[in-house]
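Notes to accompany the following structure.
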Ligand code: NDP
C-alpha cells in the first residue's frame, strides 16, 4: 500500500518508521531535513511537495492541532484522489474533524480521527493505544494500517469521537498530576519523606500513572525530561473544556484543571514538559521540590 505521512515530530517520526516495514511510505515535513533523514535512515521516500503525498491509498497527519491539519488539508485538496483514506492521528478538535470529514467526503474520501496515547516511548515501541472515530468500514481500513504502530486499537464511534475521548482522558491525567503533586508537597511540608509518601500512595487507593511512573523521576531523582509538551496538554484540556461548554455540562473540575494548566503554560513557557506543572504547585506554596 502507498501511504503519505505528514508530520515527523516526536510521535510521527517513529510511527512513519513502523509503517515503512510493510508499506511504501512517502514522508513530508515542514522542516525538510527531518524528512531527508527519515528517508535516508528508514527507507521511506521524501515527498517533493505536498501533491506527492496526496497520491496515496492513505494519508496520515500527525500535527500539533486541528488548525495545522486544516491548513494542510486546504493545500492537499486539489491533489487528493477519490478513495484515499485520510487518517488524522493528531490530538485534535472533534468539531473541526467533523467539518474536515465533510469537506473530504465531498471529494470522495473517507476520514477517521485516530489520536494516540502511550507517549513517545509507545510510538518508538509500536505499543500505542489508538482511538478511532469514523464509519465501521473506515475503522477497519485504518486499523489494518495502524496495527503497525499500536497494540490496542479501539473504534470509539463516528467521526470526532476519537478526538473527544482523547482530550477527555488527557484531562483526567492532567487533574491527577495536579492533585497528586499538591498532596505529595503537603506530605513533604508535614515532614514526611517524599519516597515514603510515594510508597504509601502507590500501595494504596491514591495510586495512578502519575504517582507510579511520572512523578517519582521528577520529585525524587529531580530529573525533568521533556516527554510531552505542556503546550499540547494545555491544548487538549482546553478542547475538553470547550466541549463541556458546548454540551452545557457542569464540569467544575475540568474547568479548574484547564485554567491551572493554562496558567502553568504562561509561567513555564512553550518548551516545558507537562509534568513541570508540579513546579508551579510548589511555587504557589513559596517552595520548590529540591
Ligand atoms: P511535535 O511538536 O514533536 O511535532 C509536531 C509536528 O508538526 C512536526 O513535524 C512539525 O514540523 C509539524 N508542524 C508544526 N506546525 C506545523 C505547521 N504549521 N505546518 C506543518 N507542519 C507543522 O509534536 P508531537 O509529535 O509530540 O505531537 C503531535 C500530536 O500528537 C499532538 O497533537 C500531540 O498532542 C499528540 N500526542 C503527543 C504525544 C507525545 O508524548 N509527544 C502523545 C500522544 C499524543 P517541524 O518538524 O517543522 O517542526
Item to complete: Under 1.5 on a/c is rounded, so check that first for region 205-251, then, if it is not, pick prolate when a/b is larger than b/c and oblate when it is not; a ≥ b ≥ c are the square roots of the alpha carbon gyration tensor eigenvalues.
Response: oblate
Worksheet entry | Mean Cβ count within 10 Å, highest first, over the residues of peptides 165-173, 58-66 | 58-66, 165-173
Response to the item:
Between the modelled labels at residue 246 and residue 55 (7 Å from Cα along Cα→Cβ) the distance in nm is 3.7
Practice prompt. Tell me the label-point distance for the pair residue 36, residue 67, using the 7 Å Cα-to-Cβ offset, in nm and rounded to one decimal.
Written response: 2.9
Practice prompt. List the pair-distance distribution P(r) of region 1-144, using every Cα-Cα distance, as the percent of pairs falling in each 10 Å bin from 0 up to the bin containing the longest distance, rounded to whole percents.
Written response: 13, 47, 36, 4
Worksheet entry | Top of 237, 130, 194 by mean-square fluctuation, Gaussian network on the chain, Cα under 10 Å | 194
Worksheet item: What is the log10 of I(q)/I(0) for region 45-109, computed with the Debye formula using one identical point scatterer on each Cα and no solvent, at q = 0.29 Å⁻¹?
Response: -1.49
Worksheet entry | the chain - convex hull of alpha carbons, volume per residue in Å³ | 133
Worksheet, complete the sentence: To the nearest 10 degrees, the tilt of helix 252-268 (Cα long axis) against the first principal axis of the alpha carbons of the chain is 90
Worksheet item: When the chain is fully extended, how far beyond the present Cα-Cα distance does residue 222 get from residue 192, taking 0.36 nm per residue of separation?
Response: 9.1 nm
Item to complete: For the chain, set up a Gaussian network in which alpha carbons nearer than 10 Å are linked by springs, and say which option among 209, 55, 29 fluctuates the most.
Response: 209
Discussion item. Just to be sure I understand the curve: with the Debye formula and one point per C-alpha of region 1-49, what is log10 I(q)/I(0) at q = 0.31 Å⁻¹?
Written reply: -1.29
Worksheet entry | Degrees, to the nearest 10: 66-76 long Cα axis against longest axis of the chain | 10
Discussion item. Only Cα pairs within less than 10 Å get springs; with that Gaussian network setup on the chain, which residue of 150, 133, 118 has the largest fluctuation?
Written reply: 118
Response to the item:
Taking the alpha-carbon centre of each part, the distance from region 148-224 to region 42-113 in Å is 32
Response to the item:
Ranked output for segments 184-191, 249-256 by mean other Cβ atoms within 10 Å, highest leading, reads 184-191, 249-256
Worksheet item: Rg and Dmax of region 149-275, using alpha carbons, in Å: what are they?
Response: 16.0, 51
Discussion item. What percentages make up the Cα-Cα pair-distance distribution of region 119-203 when the bins are 5 Å wide from 0?
Written reply: 3, 13, 15, 15, 13, 11, 10, 8, 7, 4, 1, 0
Discussion item. With the cut-off at 1.5 for a/c, could you classify region 229-285 from its C-alpha gyration tensor as rounded, prolate or oblate?
Written reply: oblate
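Readers should treat all values here as calculations from the given coordinates under stated rules, not as data from a laboratory. Keep in mind the model is a prediction, meaning the values are calculated, not measured. For neighbour counting, all protein chains shown are included, and Cβ atoms are generated from backbone atoms with ideal geometry for every residue, glycine included.
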